[in-house]
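Before any comments, here is the structure.
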Amino acid sequence: MTKIIKIDPANIDMELLSQAADVIKHGGLVAFPTETVYGLGADTFNSDAVANIFRAKGRPMDNPLISHISDIADLEMFAREIPPSAIKLAEEFWGGPLTLILKKKAGIPDCVTAGLDTVAVRLPSHSIANVLIKLSGTPIAAPSANLSGSPSPTTATHCIQDLDGRVDMIIDGGSSMIGIESTVIDLSTEVPVILRPGMISPEDMRSVIGEVVYAGEVEGAPKCPGMKYTHYSPNASVIVIEDVSDYKKHTRSGETVCVIAKNASDAGIAADIVYDAGNSDAEYAARLFYLLRKADEDGADVVFAQLPETSGIGIALRNRLFKSAGGRVIMK
Ligand code: AMP
Ligand code: MG
């Protein structure tokens, strides 16, 4: 049985949230809101609990987890070396949507890091996530709270759809504001490398620590172990399209067609289903995973999603869209 509790992030009911912390302390699984997407958490230092995260999600064991902390000082628990770049980035962007990869200290369970010599750590800004970590008295290992492969959850309803009956508790704390997962930057190498783009952009980080490498959208083997798997895929086929007004040329008769476009109401699109992605890539990011799930609920066979910009959060949004489209991209 999964217990669902509702907590207002602006006015946290500490007694209720303590119940969630008790679940973590006793080796259980709790889905909780963060500013990026919902996470499925367990005590980082309890290997059995962490193994249950993989089981509940159907997640491949070679895809490591991010540990969430509530105080920069807790980095010490994870890293055997903390480079100055880590401190600078943490001071600038934590709490926030940035995950640091560092050389791991002995004692971090192998299932958290998938046996790698490095570890992923993030300090979220979401009030519920922060207080939950504090009350649990331990860092919380948490991937996104979805079934492996499906779009990441940005509401408690999404977590319930995927994980009801598979986890101990789901905290409903409203919608995740950012809507896509954290930026992942590897600081264990001489030059920092972005393994997964997110809201904190390459430029944001360059202004704080200088040289940062981002290998780009599609070339080469995936660096983040998890990035090789199918991701963010609804049941409908997703096609990314640069000129959204051109979608009709690529449809087949009998299909229920959905179009996701920025400023959709001004674009004059006459598809069966039209979703407005807002008027910026930040709004698009906040809605993307929600809209991909909604497309399934509304019976879409194919989803044409407008190609985002190549700067700021658009870089991350393109990355997620290309993955959910499995490479189906129509350029002008
Ligand atoms: P999720 O929380 O579901 O978004 O997944 C966590 C992401 O962090 C995955 O893409 C992992 O591959 C990545 N990650 C976690 N630990 C490491 C690590 N030690 N090295 C590289 N990537 C990592
Ligand atoms: Mg995930």
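So which of LYS57, LYS104 is closer than 22 Å to SER175 by Cα, open to solvent by less than 60 Å² (accessible area, probe 1.4 Å) and charged (D, E, K, R)?
LYS57
Residue by residue through the range 57-79, note down the ones that are among the hydrophobic types (A, V, I, L, M, F, W, C), within 23 Å of GLU190 (Cβ to Cβ) and in contact with a helix residue (DSSP H, G or I) (Cβ under 8 Å, 6 or more places away or on another chain).
Within the range 57-79, LEU75, ALA79 qualify.
Does GLY149 satisfy the condition of being open to solvent by less than 10 Å² (accessible area, probe 1.4 Å) and within 24 Å of LYS323 (Cβ to Cβ)?
So GLY149 fails the test.
Quick one: in the range 31-78, of everything that is β-branched (Val, Ile, Thr) and within 13 Å of ligand 2 (Cβ to nearest atom), which residue is nearest to SER144 (Cα to Cα)?
The qualifying residue nearest to SER144 (Cα to Cα) is VAL37.
ALA114 fails exactly one of the following numbered conditions: (1) open to solvent by 10 Å² or more (accessible area, probe 1.4 Å); (2) touching a residue at least 12 places away in the same chain (Cβ under 8 Å); (3) farther than 15 Å from SER188 by Cβ. What is the number of that condition?
Going through the list (1) open to solvent by 10 Å² or more (accessible area, probe 1.4 Å); (2) touching a residue at least 12 places away in the same chain (Cβ under 8 Å); (3) farther than 15 Å from SER188 by Cβ, ALA114 breaks only (3).
Would you check if there is a residue in the range 164-178 being under 14 Å from the mean Cα position of the chain (by Cα) and within 16 Å of ligand 2 (Cβ to nearest atom)?
Taking every residue of the range 164-178 in turn, at least one turns out to be under 14 Å from the mean Cα position of the chain (by Cα) and within 16 Å of ligand 2 (Cβ to nearest atom).
Can you tell me how many residues in the range 33-69 are aromatic (Phe, Trp, Tyr) and either more than 13 Å from ligand 1 (Cβ to nearest atom) or farther than 18 Å from LEU163 by Cα (or both)?
1
I'd like the full set of residues that are in contact with a strand residue (DSSP E or B) (Cβ under 7 Å, 6 or more places away or on another chain), surrounded by fewer than 24 Cβ atoms within 10 Å (Cβ to Cβ) and of a type outside the set (Gly, Ala, Ser), limited to the range 70-79.
If the condition is that a residue be in contact with a strand residue (DSSP E or B) (Cβ under 7 Å, 6 or more places away or on another chain), surrounded by fewer than 24 Cβ atoms within 10 Å (Cβ to Cβ) and of a type outside the set (Gly, Ala, Ser), then LEU75 is the only one that fits.
I'm trying to understand the selection: among the residues of the range 80-96, which are assigned to a helix (DSSP H, G or I), out of contact with any helix residue (DSSP H, G or I) (no Cβ under 6 Å at 6 or more places or on another chain) and open to solvent by 10 Å² or more (accessible area, probe 1.4 Å)?
Listed by number, the residues that qualify are PRO84, ILE87, GLU91, PHE93.
For the range 97-183, give me every one of the helices (runs of 4 or more DSSP H) that falls completely inside it and has 3 or more residues that are closer than 20 Å to ILE5 by Cα.
It comes to 127-136, 156-163.
Please work out which one of (1) over 10 Å from SER67 (Cα atoms); (2) in contact with a strand residue (DSSP E or B) (Cβ under 7 Å, 6 or more places away or on another chain); (3) within 16 Å of ligand 2 (Cβ to nearest atom) is the condition ILE128 fails and give its number.
Every listed condition holds for ILE128 apart from (3).
I'd like the residue in the range 198-237 that is modelled with pLDDT of 95 or more and within 16 Å of ligand 2 (Cβ to nearest atom) and, out of all such residues, is least open to solvent (accessible area, probe 1.4 Å).
GLY198
Restricting to the range 18-54, and then to whatever is acidic (Asp, Glu) and touching a residue at least 40 places away in the same chain (Cβ under 8 Å), can you tell me which residue is most open to solvent (accessible area, probe 1.4 Å)?
ASP43
Going through the range 152-177 one residue at a time, which ones are β-branched (Val, Ile, Thr) and either surrounded by 24 or more Cβ atoms within 10 Å (Cβ to Cβ) or more than 12 Å from VAL37 (Cβ to Cβ) (or both)?
Within the range 152-177, THR154, THR157, ILE160, VAL167, ILE170, ILE171 qualify.
For LEU100, are the conditions met, namely being in contact (Cβ under 8 Å) with a residue 40 or more places away in the chain, within 13 Å of ligand 1 (Cβ to nearest atom) and over 26 Å from LEU292 (Cα atoms)?
Taking the combined requirement at face value, the residue satisfies it.
Would you call ALA282 over 16 Å from SER233 (Cα atoms), open to solvent by less than 20 Å² (accessible area, probe 1.4 Å), modelled with pLDDT of 95 or more and of a type in the set (A, V, I, L, M)?
no
The values are calculated or read from the model by the stated rules, or taken from the named source; none is laboratory data. Values in this document were obtained by computation on a predicted structure and should not be read as measured data. For neighbour counting, all protein chains shown are included, and Cβ atoms are generated from backbone atoms with ideal geometry for every residue, glycine included. Just so you know, the surface numbers come from the protein's heavy atoms only, side chains and all, with ligands and any DNA or RNA stripped out. Shrake-Rupley method; radii C 1.70, N 1.55, O 1.52, S 1.80 Å.
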